[in-house]
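Engineer: Have a look at the structure that comes next, please.
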Amino acid sequence: MTPISNANEDSSSARYNDAHTRARNTIERCNGLLKPRFRCCQRSRQLHYSPEKAALIINACAVLHNICIHYNVRHFLIEDLEEDIAWGPIPHDNCTISLRDNAVALRNSLIMTRF
């Protein structure tokens, strides 16, 4: 999902953009915590699994991370761990037009019903 460009202030699109920004910040902080501890969350920004399986992996990593915090299990930082967080726009060259159109329609429906 992407933010709406040039959303009018106090509009449902602006409220959606605010919620999108807050959610993205939370996800970025979560990624920043999980990447040093779990190798499966590091390196390439490619999706090696289906979105459903990737979501299960991330959820499992988050649960394990919380268990480690609860039991004071330290993680080892690899000194040569590359920080490849480049949170610019995600390229959509690989998406077909129909998938992107469906995603935009879903986003617009979400804005109309929730914001």
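Engineer: Can you tell me which of Glu52, Glu28 is charged (D, E, K, R), over 25 Å from Ile4 (Cβ atoms) and modelled with pLDDT of 85 or more?
Structural biologist: The unique qualifying residue is Glu52.
Engineer: Just to check your reading of the model, which residue among Leu47, Leu99, Leu77 is modelled with pLDDT under 80, loosely packed, with under 12 Cβ neighbours inside 10 Å and in a helix (DSSP H, G or I)?
Structural biologist: After applying the criteria, what remains is Leu99.
Engineer: Scan the stretch 1-21 and report the pairs whose first residue is closer than 12 Å to Phe115 by Cβ and whose second residue is loosely packed, with under 13 Cβ neighbours inside 10 Å, with Cβ atoms within less than 6 Å and a gap of 6+ or a chain change.
Structural biologist: Close Cβ pairs (under 6 Å, with a partner that is loosely packed, with under 13 Cβ neighbours inside 10 Å) do not exist here.
Engineer: Then there is this: Taking the stretch 1-29 on its own, how many of its residues are over 15 Å from the mean Cα position of the chain (by Cα), small (Gly, Ala, Ser) and in a helix (DSSP H, G or I)?
Structural biologist: 3
Engineer: With the structure loaded, tell me whether Asn17 is at pLDDT 85 or above and either more than 28 Å from Leu106 (Cα to Cα) or loosely packed, with under 12 Cβ neighbours inside 10 Å (or both) or whether it fails that test.
Structural biologist: No; evaluated as a whole, the condition is false for this residue.
Engineer: Could you give every pair whose Cβ atoms fall below 6 Å, whose first residue belongs to the stretch 97-115 and is under 15 Å from Ser12 (Cα atoms), and whose second residue is of a type outside the set (Asp, Glu) and modelled with pLDDT of 80 or more, counting only separations of at least 6 or pairs across chains?
Structural biologist: The qualifying pairs are Arg107/Met1; Ile111/Ser12; Ile111/Ser13; Ile111/Tyr16; Phe115/Ser12; Phe115/Arg15; Phe115/Tyr16.
The values are calculated or read from the model by the stated rules, or taken from the named source; none is laboratory data. Since we're looking at a predicted model, the values are computed, not measured. Ideal geometry is used to build each Cβ from the backbone, glycine not excepted, and the neighbour counts take in all protein chains shown.
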